[in-house]
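The values are calculated or read from the model by the stated rules, or taken from the named source; none is laboratory data. Computed from a predicted model, the values in this text were never measured in an experiment. FYI the Cβ positions are ideal-geometry reconstructions off the backbone, even for glycines, and counts take in every protein chain you see.
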Amino acid sequence: MKIEKATGWQIATVTSVHDESPRVKLFQLELPVETKFRAGQFFDIRLTAPDGYQAQRSYSITSSPDQTNSIELAIEHIRDGEVSSYFHEVVEAGSLIEVRGPFGGHFTWSPSFRKPILLIGGGSGIAPLMSMLRHRASTGGNSPALLMFSVRQEDDVLFKSELEQMARDDDKFNLIITLTRLAADHSEPFAGRATRRIDRTMIDSTVATLGGTPARAYVCGGSNFVEAIGNQLADIGLPYEEIRTERFGP
Amino acid sequence: MINNRFFGRRRTETSRPLPPGQYLEDGFPVLSAGPTPNVDTATWDFTIEIEGDTVGTWKWNSLNALHQTDLRTDIHCVTKWTKHDTDWRGVTIDTLLADAGIEPPTGFVMASCDGGYTTNLPAADVIDGKGLLVHTYDGKPLAPEHGGPVRLLIPHLYLWKSAKWIRSLKFMEHDVPGFWERYGYHMYGDPWREQRYTND
Ligand SMILES: Cc1cc2nc3c(=O)[nH]c(=O)nc-3n(C[C@H](O)[C@H](O)[C@H](O)COP(=O)(O)OP(=O)(O)OC[C@H]3O[C@@H](n4cnc5c(N)ncnc54)[C@H](O)[C@@H]3O)c2cc1C
């Protein structure tokens, strides 16, 4: 295992802000120090008030590790959230933000892992999975990958056109988007679509497209989502240490 | 560096200061590297080893038969939240060592868990009332996602040191990194010195 040295704080410049969905904005941050990272890792952000009060939070990198002087973050607006509200209400192109990273090492994927992977994301939990998929695409990865992406409704689908393009370009990549706020339809996912919470039946039928049980799964999202999916993956026989999880919040 | 128009909406008037970079949380968020393992108290046991020799093993019933300690304490997670006044019940590591009839060891200790998780600590940080095996949280059996049936509790260090689903403590002469410590988290993890990552 390669150990990356923890780095100190650096002042990043926000170069663009994009409304990706009604609740999530994408932020491009330019880093003054060239920073290598692995897909799946996160950065810490620190905000400071005039009187010295500080708040820190972690955000996963959504961009591919191919770029080392900028990172993209996908930040969901949490109601009354201290840091996410600041990003949504105040941060704009040109804003300066203190960041440090990368951190985290268990929830990472690199192209040297050539076995089939299953990625399951809930809402903004797509963030670290997006970095993995972008890295896989840019390195010409041809190991099978399946993404199950659960969101409330259609306009919550982050990175929609990019993911759909990836699915068209790469026959080893399968995409299932499931909308949980529509009337549940219990048939099998059709043309990459379903309308219910991810359950055991959906996992079983979509995993079949990987051509066997995945060698590893990455699950990211809210805590209850990750907990429920983690248990189902253990039930389908994935080894405990190959079920990797990242929890974003309560 | 001051952030324009940032005032901090989660500042709380607390009786006690928070460790640097932490915020106060009312809930009890979950953090684990993998899914929650299924641990059965009927087959659960806990072992203490010193330099590779087993010096004591306890089953669920024998752990519960030992002297129980109640502890109200604050807990600090490296993901930035701190929770005040959490109530725990369990057995101090001192009680276990005394039950095994051994002197408190020196050096370091590795905690190992169901699911393969490990974390390292100085031996001095688990004795003298600083470390417990807890099975009860807030008057109820400790929930599986929070480490039940039994987790280690070392409240003065970041919570990743309070290993969930604990099965053994192995005392050793030299410090060896555990699971998160190998991934760049601090070897000691004192929240008051903000020792989150390796070089902090
Ligand atoms: C390793 C890691 C990576 C993360 N990556 C991302 C990411 O890529 N994108 C992202 O948007 N977030 C991510 N998060 C979550 C992020 O760090 C913050 O917790 C989140 O932005 C809320 O912070 P806040 O200051 O806005 O809200 P706070 O002021 O901390 O919280 C306000 C209230 O909302 C609740 N709350 C906090 N988070 C959530 C949530 N996610 N859903 C619902 N309620 C919540 C809190 O319990 C609190 O009651 C990540 C967290 C971790 C630990």
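Listed here are the residues, each with its yes/no results for (1) within 23 Å of B:Thr95 (Cβ to Cβ); (2) outside any loop (DSSP other than H, G, I, E, B).
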{"position": "B:Gly21", "(1), (2)": "no, no"}
{"position": "B:Ser32", "(1), (2)": "no, no"}
{"position": "B:Gly56", "(1), (2)": "yes, yes"}
{"position": "B:His67", "(1), (2)": "yes, no"}
{"position": "B:Asp74", "(1), (2)": "yes, yes"}
{"position": "B:Val78", "(1), (2)": "no, no"}
Take B:Arg16 and decide whether it is within 8 Å of chain A (Cβ to nearest Cβ) and in a loop (DSSP other than H, G, I, E, B).
no
Members of the range A:204-214 found to be over 19 Å from the mean Cα position of the chain (by Cα) and in contact (Cβ under 8 Å) with a residue 24 or more places away in the chain, listed by number:
A:Asp204, A:Thr206, A:Val207, A:Thr209, A:Leu210, A:Gly211, A:Gly212, A:Thr213
Residues that are within 16 Å of the ligand (Cβ to nearest atom), surrounded by 14 or more Cβ atoms within 10 Å (Cβ to Cβ) and under 20 Å from the mean Cα position of the chain (by Cα): does the range B:68-76 have at least one?
yes
Can you tell me which of (1) of a type outside the set (A, V, I, L, M); (2) touching a residue at least 24 places away in the same chain (Cβ under 8 Å); (3) closer than 23 Å to B:Trp81 by Cα; (4) within 11 Å of chain B (Cβ to nearest Cβ) is the one A:Gly40 doesn't meet?
(4)
Given the criteria in a strand (DSSP E or B) and either over 26 Å from B:Asn38 (Cβ atoms) or in contact with a strand residue (DSSP E or B) (Cβ under 7 Å, 6 or more places away or on another chain) (or both), does A:Ser205 qualify?
no
Restricting to the range A:105-136, name every residue that is in contact (Cβ under 8 Å) with a residue 24 or more places away in the chain and more than 25 Å from A:Val157 (Cβ to Cβ).
A:Gly105, A:His106, A:Ser110, A:Pro111, A:Phe113, A:Arg114, A:Lys115
Looking at A:Ser131, A:Ser161, A:Ser124 in this structure, which one is more than 17 Å from A:Thr178 (Cα to Cα) and of a type in the set (S, T, N, Q)?
A:Ser131
Under 9 Å between Cβ atoms, at least 6 apart or on separate chains: pull out the pairs that start in the range A:69-89 with a residue that is within 10 Å of chain B (Cβ to nearest Cβ) and part of a loop (DSSP other than H, G, I, E, B) and end on any residue that is more than 6 Å from the ligand (Cβ to nearest atom) and at pLDDT below 95.
A:Asp80/B:Arg9; A:Gly81/B:Arg9
The number of residues in the range B:81-113 that are more than 14 Å from B:Gly56 (Cβ to Cβ) and surrounded by fewer than 19 Cβ atoms within 10 Å (Cβ to Cβ) is 8
Restricting to the range A:62-95, name every residue that is within 8 Å of the ligand (Cβ to nearest atom), closer than 22 Å to A:Phe159 by Cα, aliphatic (A, V, I, L, M) and crowded, with 19+ Cβ neighbours inside 10 Å.
A:Leu73, A:Ala74, A:Ile75
Looking at the range B:21-67, which of the residues that are more than 16 Å from the ligand (Cβ to nearest atom) and within 14 Å of chain A (Cβ to nearest Cβ) is surrounded by the most Cβ atoms within 10 Å (Cβ to Cβ)?
B:Pro35
Somewhere in the range A:184-193, is a residue of a type in the set (Lys, Arg), out of contact with any strand residue (DSSP E or B) (no Cβ under 7 Å at 6 or more places or on another chain) and assigned by TED's automatic domain parsing to the domain that holds A:Asp155?
no
Being surrounded by 20 or more Cβ atoms within 10 Å (Cβ to Cβ), facing chain B (nearest Cβ under 9 Å), within 12 Å of the ligand (Cβ to nearest atom) and outside any loop (DSSP other than H, G, I, E, B) is the requirement here; does A:Tyr59 meet it?
no
For the range A:154-168, does any single residue satisfy the condition of being at pLDDT 95 or above, within 14 Å of the chain's Cα centre (by Cα) and assigned to a strand (DSSP E or B)?
no
Does the range B:175-189 hold any residues that are within 12 Å of chain A (Cβ to nearest Cβ) and either over 15 Å from the mean Cα position of the chain (by Cα) or not in a loop (DSSP other than H, G, I, E, B) (or both), and which are they?
B:Pro177, B:Phe179, B:Trp180, B:Glu181, B:Arg182, B:Tyr183, B:Gly184, B:Tyr185
Checking the condition closer than 19 Å to A:Glu242 by Cα, within 15 Å of the ligand (Cβ to nearest atom) and crowded, with 20+ Cβ neighbours inside 10 Å, which residue from A:Leu158, A:Leu146, A:Leu129, A:Leu118 passes?
A:Leu129
